[in-house]
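The values are calculated or read from the model by the stated rules, or taken from the named source; none is laboratory data. Remember, it's a predicted structure, so these values are computed and weren't measured experimentally. A quick note on method: Cβ atoms are made from the backbone with ideal geometry, for glycine too, and the neighbour counts reach across all protein chains shown.
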Amino acid sequence: SDINIRLLFYKLSKLWKEQKLEEAQPKSYIFLPRPNPIQEEILEQWRIGMISSENDNPGESLEEFLKNFVLV
C-alpha cells in the first residue's frame, strides 16, 4: 500500500542520512502499473524515479515490465 511504500522510503532515506552518505545515495526506482503525475512528483523529491505502463490492466502491465528483464 501507499503507506508501506512511504515508510520504506522514509527508513531508507533516514539510513542514508545517518551514515552520512546522502550524497552517494543512488537513485531508486518504483514500478506502478499506471502513470500518476502527482505521485511521480512526490517520489522525485525522495530521489525515486517512477516507471509506469500505459496498459490499463495492472497484471498485464507488470508482466510486460518483467519481460524486459528476462532473456529469452
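Can you tell me which residue in the stretch 6-25 is nearest to residue 64 (Cα to Cα), limited to those that are touching a residue at least 12 places away in the same chain (Cβ under 8 Å) and of a type outside the set (Ser, Thr, Tyr)?
Ranking the qualifying residues of the stretch 6-25, first place goes to 9.
So in the stretch 34-61, with the set limited to residues that are outside any loop (DSSP other than H, G, I, E, B) and polar (S, T, N, Q), which one is farthest from residue 12 (Cα to Cα)?
Only one residue tops the list, namely 61.
Yes or no, residue by residue, for (1) among the hydrophobic types (A, V, I, L, M, F, W, C); (2) surrounded by 10 or more Cβ atoms within 10 Å (Cβ to Cβ); (3) at pLDDT below 85; (4) in contact with a Cys (Cβ under 8 Å, 6 or more places away or on another chain):
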{"position": "19", "(1), (2), (3), (4)": "no, yes, yes, no"}
{"position": "26", "(1), (2), (3), (4)": "no, no, yes, no"}
{"position": "39", "(1), (2), (3), (4)": "no, yes, no, no"}
{"position": "58", "(1), (2), (3), (4)": "no, yes, no, no"}
{"position": "63", "(1), (2), (3), (4)": "no, yes, no, no"}
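Taking the condition surrounded by 10 or more Cβ atoms within 10 Å (Cβ to Cβ), touching a helix residue (DSSP H, G or I) at 6+ places or on another chain (Cβ under 9 Å) and at negative phi, does residue 53 pass?
Here the answer is yes, as residue 53 does meet what is asked.
Please verify whether the stretch 26-37 includes one or more residues that are free of Cβ contacts under 8 Å to residues at least 12 places away in the same chain and either in contact with a His (Cβ under 9 Å, 6 or more places away or on another chain) or closer than 22 Å to residue 3 by Cβ (or both). Before you say what the answer is, go through the steps one by one.
Residues of the stretch 26-37 that are free of Cβ contacts under 8 Å to residues at least 12 places away in the same chain, as a first pass: 26, 37.
Remaining after also requiring either in contact with a His (Cβ under 9 Å, 6 or more places away or on another chain) or closer than 22 Å to residue 3 by Cβ (or both): 37.
Yes.
For the stretch 6-17, how many residues meet the condition of being under 25 Å from residue 63 (Cα atoms) and surrounded by 15 or more Cβ atoms within 10 Å (Cβ to Cβ)? Lay out the reasoning, then the answer.
Step one: filter the stretch 6-17 for residues under 25 Å from residue 63 (Cα atoms), giving 6, 8-9.
From the residues that got through so far, the ones that are surrounded by 15 or more Cβ atoms within 10 Å (Cβ to Cβ) too are 9.
Number of matching residues: 1.
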